[in-house]
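Please read through the structure below; I'll follow up with questions.
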Amino acid sequence: HVCMVGADVFPQGFAAVAGKLKSFKGVNMLVDIGNGTMNIMYINNGKPVEKKCYTEKYGTNQCVMAVRESILKQFGKVIDDTVIQQVLRYGTAEIGERYLVAIRETAQTYVSGIFRKLREKEYDPELIRLYVVGGGGCLIENFASYDPDRVFIEKDICATAKGFAMLSKRRL
């Protein structure tokens, strides 16, 4: 038997930035790009905006599938997902140049789609700072053109775990 005493529920990605909320001046957009989904949340002057939280089925796995399909279409070859993931994470892999170019082009197209979806949620880089958390941050870092003064990519893979630990201590 389990007796639940209480529970806190937070939007996806929130824990990764919970300790930094004081630095969120003005209008900010938090985007957590995971394997299957991309979660978007506004944080205005350090306060989450509950009515402006969105989930899009546009995670890194959809990018991997797009790359796989592109390689099959262009070259009639099946490429191992570990190779695709390496290129997405680091921008390169030990493969032929034509395959590398095809993967990069598909990833760039996919990342353009990420920014299109953000614009659909009223993202404007001149008006809103963007904070990217989750494994998909490497897609933005490697395949997007962005202003590093307006777009922040959390590279600490433990940021969410650290955030939940901080929130739990606060609660206790």
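Has segment 155-162 got at least one residue that is at pLDDT 95 or above and crowded, with 18+ Cβ neighbours inside 10 Å?
no
Now a separate question. Any residue in segment 47-71 that is closer than 27 Å to Tyr99 by Cβ sitting within a Cβ distance under 7 Å of a residue that is open to solvent by 60 Å² or more (accessible area, probe 1.4 Å) and charged (D, E, K, R)? List the pairs, counting only those 6 or more apart or interchain.
Pairs that qualify, where the first residue is closer than 27 Å to Tyr99 by Cβ and the partner is open to solvent by 60 Å² or more (accessible area, probe 1.4 Å) and charged (D, E, K, R), are Ile71/Lys77.
Pick from segment 41-56 the residues that are within 16 Å of the chain's Cα centre (by Cα) and farther than 14 Å from Glu122 by Cα: which of them is most open to solvent (accessible area, probe 1.4 Å)?
Ranking the qualifying residues of segment 41-56, first place goes to Thr55.
Consider Thr60 carefully, then state whether it is surrounded by fewer than 20 Cβ atoms within 10 Å (Cβ to Cβ) and among the polar types (S, T, N, Q).
Judged against the criteria, Thr60 is not a match.
Can you spot a residue in segment 37-45 that is modelled with pLDDT of 90 or more and among the aromatic types (Phe, Trp, Tyr)?
Within segment 37-45 (the criterion being modelled with pLDDT of 90 or more and among the aromatic types (Phe, Trp, Tyr)), the answer is yes, since at least one residue qualifies.
Scanning segment 155-169 for residues that are among the basic types (Lys, Arg) and in contact with a helix residue (DSSP H, G or I) (Cβ under 9 Å, 6 or more places away or on another chain), which turns out nearest to Val132 (Cα to Cα)?
Per the stated criteria, the residue is Lys155.
Matching residues to (1) touching a Cys at 6+ places or on another chain (Cβ under 6 Å); (2) aliphatic (A, V, I, L, M); (3) open to solvent by 90 Å² or more (accessible area, probe 1.4 Å); (4) within 13 Å of Phe143 (Cα to Cα):
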position: Lys73; (1), (2), (3), (4): no, no, yes, no
position: Asp81; (1), (2), (3), (4): no, no, no, no
position: Tyr99; (1), (2), (3), (4): no, no, no, no
position: Ala102; (1), (2), (3), (4): no, yes, no, yes
position: Thr109; (1), (2), (3), (4): no, no, yes, yes
position: Lys117; (1), (2), (3), (4): no, no, no, no
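The values are calculated or read from the model by the stated rules, or taken from the named source; none is laboratory data. Because the structure is a prediction, the values reported are computed rather than measured. Note: ideal-geometry Cβ built from the backbone for every residue, glycine included; neighbour counts use all protein chains shown. Calculation scope for accessible area: heavy atoms of the full protein, side chains included, ligands and nucleic acids excluded. Shrake-Rupley method; radii C 1.70, N 1.55, O 1.52, S 1.80 Å.
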